[in-house]
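Report on the structure given below.
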Amino acid sequence: MWTRSSSYRTGSAWITADRNLWPHRSVIALVGQTFHPVPFVYILQCRDGTLYTGIAKDVIKRLKMHRSGKGAKYTATRLPVELVWQFEVPTWSDAMREERRIKRLTRKQKLQLFTS
């Protein structure tokens, strides 16, 4: 497993960022506090070939929810689903912004995200 660490100063506190580069788990830790997962934007491909875009802190856990039929009404009726793309973003507001941007893309543009 390969990891990268860095420290930087924000205001009066030193922040240590440890990013585990596994595709399904990344964390940013404040010194002396608990770990906080960073959000991901993800795309699922449903049984009927349609694409579903969402955001989650833990993509694997969220995928399990979708597969059990409890993730979203849209995917519950289109099981099984497969994770085809995920992208780490630094904050929830960035995740929501990226999710909206991707949802506005055409199907062809979405497919280009994970086929190129």
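So in segment 74-116, with the set limited to residues that are among the charged types (D, E, K, R) and under 14 Å from residue 44 (Cβ atoms), which one is surrounded by the fewest Cβ atoms within 10 Å (Cβ to Cβ)? Restricting to residues being among the charged types (D, E, K, R) and under 14 Å from residue 44 (Cβ atoms), the top hit is 107. Considering segment 53-73, the residues that are assigned to a helix (DSSP H, G or I) and more than 16 Å from the chain's Cα centre (by Cα) include one that is nearest to residue 42 (Cα to Cα), namely 67.
Checking each residue in segment 41-73 for being surrounded by fewer than 17 Cβ atoms within 10 Å (Cβ to Cβ), among the small types (Gly, Ala, Ser) and closer than 18 Å to residue 103 by Cα picks out 49, 72.
Read the figures in this text as sums done on the coordinates, not as results from a lab. Quick caveat: nothing in here was measured; it's all calculated off a predicted structure. Virtual Cβ from ideal backbone geometry, glycine too; neighbours counted across all protein chains shown.
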